[in-house]
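Read the structure below first, then the notes.
Throughout, read-outs are computed from the coordinates displayed, never taken from laboratory work. Worth saying up front: this structure is predicted, and the values here are computed from it rather than measured. Glycine gets a Cβ as well: all are built from the backbone with ideal geometry, and neighbour counts include every protein chain shown.
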Amino acid sequence: MSKCYIKGIASITAQPTTVEDQFLEEIISYQESIFRASDPNYKEFIKPAAMRRMSKAVKMGVTASQMALKQANIEQPDAIITGTGMGCRQDSEKFLEKILYDDEQYLTPTLFIQSTHNTVGGQIALGLKCKAYNVTYVQSAVSFESAIIDAQLMLDEQPNSNIMVGGIDEIAKTSSRFHILNGDVKKEEIHNLELLSSTTTGTIASEGATFMVIGNEDTTNNIAEIVDVEIKYSASVEEIKKDILEFIARNDLEITAIDAIVLGNNGDHSFDHYYQELQQTLFKDTEQLYYKHLIGEYHTASAFAYWIGTKIFEYKNVPDVLRLNDKKSQEHKNILIYNHYRGENHSIALLRKC
């Protein structure tokens, strides 16, 4: 495939990640298993009349996409490709509640229209008056990675394009608590910064939106290169170790060339052994980072790892709150990202400093 560079990136999460000229210097702590994203000033990006009709996912997506475009100094993307695991859950809930409360009568279509998974991509396009290629991937925890792979294929076919890629998921009042019942989310309240000390099943849940503008034109404004992305539905721990070694070799590198690995540890005692095995074997001498104690778990949470990688390249610094071990690289050139969700939908990615 052709080169793939990140030209601009923005992320809205449970942390103040939209504050300019800061890289996780201020941390918000939570004593609960489900918490919301920290809202930027949406009025700077969305007209109040339009914002009243938007769900949290749409507001986050539209705002993060505009932030990414601004950083990339691009007014109009040549494509908008989004990924989401659950779509606009808040409007889906409202629509289902209306069905129940109104006895399936006198239903307006608005909530149904706004509840679809591609609502965010559509609203971004409407705001930008962009009539270009627009598609949404709903592939659980590899939704964001699927969007990146599609963008890479498009760059092969249409060089010099600038493509908007994003991942969005939101929590909702009722359906998010169903994940407590099935064990995906912890039943007990827990301090998010003490997540990995938990010995129970489940994790903490939140929401967020990460958008980036990518292209294959090599310029001085590029922040990072997405060297390679790989996804796999099901694999054992040993298979993942083998896949990662093959992935690194395929990109003409060795383990020692990986300056840091960003892992998706989320405190779920049933599934964190995937990460722990890598920590104790292949990457025992590598700088290890994690992030879900800060932003919670959701289907496109791995997109935040890309934000972390680009910020490390940009700031030449790693905040201590991200560290899993005491290893520290003198310089960060190659950063590996590995994530999975409950032992399925594995993704591996390699970022390189420009």
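With a Cα-only, solvent-free Debye model of region 51-117, what are the log10 I(q)/I(0) values at q = 0.19, 0.22, 0.28, 0.29 Å⁻¹? Each listed q corresponds, in turn, to -0.81, -0.96, -1.22, -1.25. Dividing the Cα radius of gyration of region 225-353 by its Kirkwood radius returns 0.91 for Rg/Rh. If you average the sequence gap of Cα pairs under 8 Å that are 6 or more apart and divide by the length of region 225-353, what percent do you get for the contact order? Relative contact order here is 41 percent. Rounded to two decimals, the Cα radius of gyration of region 104-220 over 2.2 N^0.38 Å is 1.40. According to the Cα-based calculation, Rg over Rh for region 1-122 is 1.03, with Rh computed by the Kirkwood formula. For the chain, the membrane-span-like helix rule (DSSP H, alpha carbon extent of at least 15 Å along the helix axis, mean Kyte-Doolittle at least -0.5) picks out 56-72, 143-157, 237-250, 303-315; this says nothing about an actual membrane. With the helix formula -39500 (n - 2.57) applied to DSSP H stretches of n ≥ 4, the chain reaches a computed 222 nm mean residue ellipticity of -9000 deg cm²/dmol.
Each Cα pair under 8 Å and six or more residues apart adds its sequence gap; the mean of these over the residue count of region 5-215 is a relative contact order of 35 percent. Dividing the mean sequence gap of close Cα pairs (under 8 Å, 6+ apart) by how many residues region 151-283 holds gives a relative contact order of 31 percent. The calculated pair-distance distribution of the chain uses every alpha carbon pair, bins of 10 angstrom beginning at 0, and gives 5, 26, 36, 24, 8, 1, 0 percent. Here is the tail figure for region 5-215: Cα pairs spaced more than 32 Å apart come to 21 percent of all pairs.
Peptides 262-272, 55-65 ranked from most to least packed give 55-65, 262-272, packing being the mean of other C-beta atoms within 10 angstrom over each peptide's residues. Of interest is the spacing of the C-alpha centroids, which for region 136-158 and region 2-29 amounts to 21 Å.
Other residues with beta-carbon under 15 Å from the beta-carbon of F313 carry, at +1 per Lys or Arg and -1 per Asp or Glu, a net charge of +1.
How charged is the neighbourhood of N160? Take every other residue with its Cβ under 15 Å from the Cβ of N160, and add Lys/Arg as +1 and Asp/Glu as -1. Around N160, the surrounding residues sum to -3. Taking every DSSP bridge with both residues inside the chain, close to 60 percent are antiparallel. Between F35, F178, F144, the Gaussian network model of the chain with springs among Cα atoms under 10 angstrom shows the greatest mean-square fluctuation at F178.
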